[in-house]
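Undergrad: Dropping the structure in here first, questions after.
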Amino acid sequence: MTPVDSVLSLVRPDILALSAYSSARKEAKGGRVWLDANENPETPSAHQPLLNRYPEPQPADLVAQLAALYSVQPAQCLVTRGSDEGIDLLLRTFCRAAQDAILFTPPTYGMYVVAAGIQGARTVTVPLIREKNFALDAAAVLKAVGPEVKLVFLCSPNNPTGGLLDRAAVLSVVKALATRAVVVVDEAYVDFSGQPSLAAEIPSNPNLVVLRTLSKAFGLAGARVGTTIADPAVIAVLQKVIAPYPVATPVLQAALAAITPAGLAAARESVAAIVAERARLAAALAKLPAVKKVWPSDANYLLVEVADSAKAMAAGRAAGVVWRDRSKDVPNSIRLTIGTPAENTATLEALQALVVY
Ligand code: PMP
């Protein structure tokens with residue numbers, strides 16, 4: 001069996017056997033008069049002349065530009081409604097309800113367990129090692145992967161703790177599981193880390209899947225544009241499962257604008273500003289009496305341990321500043337997104353006002 005065949009053997013057999021729905025826009029080639037998709041011949045919007053038409057299922061220009069942005073091949077990319085849709089598609093493609101499982105490493109992003117729950121997949125957990133700055137316990141992960149585990153979700157930088165997982169440790173897990181499980185590395189925040197993506201490792205490791213998004217560094221959370229990067233054979237299977245037209249035309253236009261040279265320059269500037277503010281905020285927070293620990297962050301947020309997270313959240317509310325209480329993940333911890341300098345100063349002032357007994 002080739003390495004790619006071993007990965008495909010992990011796919012749900014019924015999905016492998018499924019013939020994909022073939023939409024009108026997929027089949028259409030050329031033509032002048034489009035009467036194949038039961039569309040309305042008139043558009044309601046003078047500003048958006050193509051809104052009466054279904055979009056391309058995977059717009060070729062966007063796929064090509066995202067592939068260039070991520071230094072991969074277009075055939076390795078699937079554009080999704082945020083990277084959240086990538087997580088959901090992977091669950092539905094690889095996990096049979098009540099039989100298969102995912103493995104994830106708490107404390108981490110909450111959607112893995114939710115997507116597993118929706119699909120009826122079971123979950124296996126291997127906690128990150130808190131004493132080692134929430135490091136990946138690669139040996140424990142490998143020990144915990146039984147035949148039921150089809151997907152291993154690793155989040156790097158990890159949400160909510162903020163740190164990158166060690167690249168060599170992640171790759172060791174990918175390689176050790178080459179024929180046994182797909183390893184999904186969620187890189188939603190990697191743009192803030194200054195470190196290279198793991199996507200370059202996919203050609204030599206077809207069981208590796210990388211998730212990227214325009215929601216964070218590119219400021220397009222409202223547009224919903226994620227990219228699942230994988231071996232072309234895996235992308236072809238995911239294509240069977242994704243909804244027919246996931247990239248709405250206004251979304252396509254917003255995404256294309258964001259990755260023009262001017263858009264890329266703006267994103268780079270925005271990331272640099274956020275990274276600089278992250279350092280300022282982390283240093284200032286560490287000096288506050290209410291703050292017990294600021295975890296090192298490679299992302300656009302800081303996980304901060306406080307004396308009492310409920311009181312801290314209340315102090316934020318009183319100042320009109322909204323953070324995220326992550327105490328269920330790490331006791332008495334709040335996650336602060338890095339905002340504008342003025343917004344970060346509001347965070348500092350609200351926590352400064354917090355009286356510690
Ligand atoms: N992965 C991680 C780790 C996240 O924190 C988020 C956003 N909260 C996502 C994926 C999903 O992001 P999006 O769907 O906007 O791409």
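Undergrad: Condition first: open to solvent by 30 Å² or more (accessible area, probe 1.4 Å), touching a Pro at 6+ places or on another chain (Cβ under 7 Å) and within 16 Å of the ligand (Cβ to nearest atom). Can you find one or more residues in the stretch 155-165 that meet it?
TA: Yes, the conditions are met somewhere in the stretch 155-165.
Undergrad: Can you tell me how many residues within the stretch 206-245 are assigned to a loop (DSSP other than H, G, I, E, B), open to solvent by less than 10 Å² (accessible area, probe 1.4 Å) and more than 14 Å from Gln73 (Cβ to Cβ)?
TA: Filtering the stretch 206-245 down to residues assigned to a loop (DSSP other than H, G, I, E, B) leaves 206-207, 214-225, 230-231, 242-245.
After this cut, where a residue has to be open to solvent by less than 10 Å² (accessible area, probe 1.4 Å) as well, the list is 207, 214, 217, 225, 230.
Among the residues that remain, those that are also more than 14 Å from Gln73 (Cβ to Cβ) are: 207, 214, 217, 225.
The number of residues fulfilling the criteria is 4.
Undergrad: Go through the stretch 305-332 and report how many residues are under 22 Å from the mean Cα position of the chain (by Cα) and part of a strand (DSSP E or B).
TA: 2
Undergrad: Ok, one more. Could you please find all residues in the stretch 124-155 being part of a loop (DSSP other than H, G, I, E, B) and out of contact with any Gly (no Cβ under 8 Å at 6 or more places or on another chain)?
TA: Of everything in the stretch 124-155, those that are part of a loop (DSSP other than H, G, I, E, B) and out of contact with any Gly (no Cβ under 8 Å at 6 or more places or on another chain) turn out to be Val126, Pro127, Leu128, Leu136, Asp137, Val145, Gly146, Pro147, Glu148.
Undergrad: Which numbered condition in (1) open to solvent by less than 30 Å² (accessible area, probe 1.4 Å); (2) more than 19 Å from the chain's Cα centre (by Cα); (3) away from the ligand (no atom under 16 Å from the Cβ) is the only one that Trp295 fails?
TA: (3)
Undergrad: Being open to solvent by 20 Å² or more (accessible area, probe 1.4 Å), touching a residue at least 40 places away in the same chain (Cβ under 8 Å), assigned to a helix (DSSP H, G or I) and over 17 Å from Lys216 (Cα atoms) is the requirement here; does Arg280 meet it? Steps first, answer last, please.
TA: Numbers: open to solvent by 20 Å² or more (accessible area, probe 1.4 Å): yes; touching a residue at least 40 places away in the same chain (Cβ under 8 Å): yes; assigned to a helix (DSSP H, G or I): yes; over 17 Å from Lys216 (Cα atoms): yes.
Criteria met by Arg280.
Undergrad: Is it the case that the stretch 58-65 has a residue that's away from the ligand (no atom under 16 Å from the Cβ), of a type in the set (Asp, Glu) and surrounded by 18 or more Cβ atoms within 10 Å (Cβ to Cβ)?
TA: Scanning the stretch 58-65 turns up no residue that is away from the ligand (no atom under 16 Å from the Cβ), of a type in the set (Asp, Glu) and surrounded by 18 or more Cβ atoms within 10 Å (Cβ to Cβ).
Undergrad: Just to verify a result, which residue in the stretch 66-93, among those that are of a type in the set (D, E, K, R) and over 20 Å from Asp191 (Cα atoms), is least open to solvent (accessible area, probe 1.4 Å)?
TA: Checked the stretch 66-93; the qualifying residue least open to solvent (accessible area, probe 1.4 Å) is Asp88.
Undergrad: Across the stretch 18-48, which residue is farthest from Gln239 (Cα to Cα) among those that are touching a helix residue (DSSP H, G or I) at 6+ places or on another chain (Cβ under 9 Å) and loosely packed, with under 10 Cβ neighbours inside 10 Å?
TA: Only one residue fits best here, namely Asn38.
Undergrad: Something else now. Counting only residues that are under 15 Å from Ile229 (Cβ atoms) and modelled with pLDDT of 95 or more, give me the helices (runs of 4 or more DSSP H) lying completely in the stretch 10-113 with at least 1 of them. Full working, then the answer.
TA: Values: elements: 13-17, 24-27, 60-69, 82-94.
Answer list for the stretch 10-113: 60-69, 82-94.
Undergrad: Report yes if Arg81 is over 26 Å from Ala169 (Cβ atoms) and away from the ligand (no atom under 16 Å from the Cβ), otherwise no.
TA: Here the answer is no, as Arg81 does not meet what is asked.
Undergrad: Which condition number does Gly120 fail, the rest of (1) open to solvent by less than 20 Å² (accessible area, probe 1.4 Å); (2) at positive phi being met?
TA: Here Gly120 clears every test but (1).
Undergrad: Follow-up question, since we're still on this one. What's the number of the only condition in (1) in contact (Cβ under 8 Å) with a residue 60 or more places away in the chain; (2) open to solvent by 70 Å² or more (accessible area, probe 1.4 Å) that Leu8 fails to meet?
TA: Single failed check for Leu8: (2).
The values are calculated or read from the model by the stated rules, or taken from the named source; none is laboratory data. Just so it is clear, the model here is predicted, and its values are computed rather than measured. Quick reminder, even Gly has a Cβ in these numbers, built from the backbone with ideal geometry, and neighbours come from all protein chains shown. The accessibility values were calculated without ligands, DNA or RNA, using every heavy atom of the protein model including side chains. Shrake-Rupley method; radii C 1.70, N 1.55, O 1.52, S 1.80 Å.
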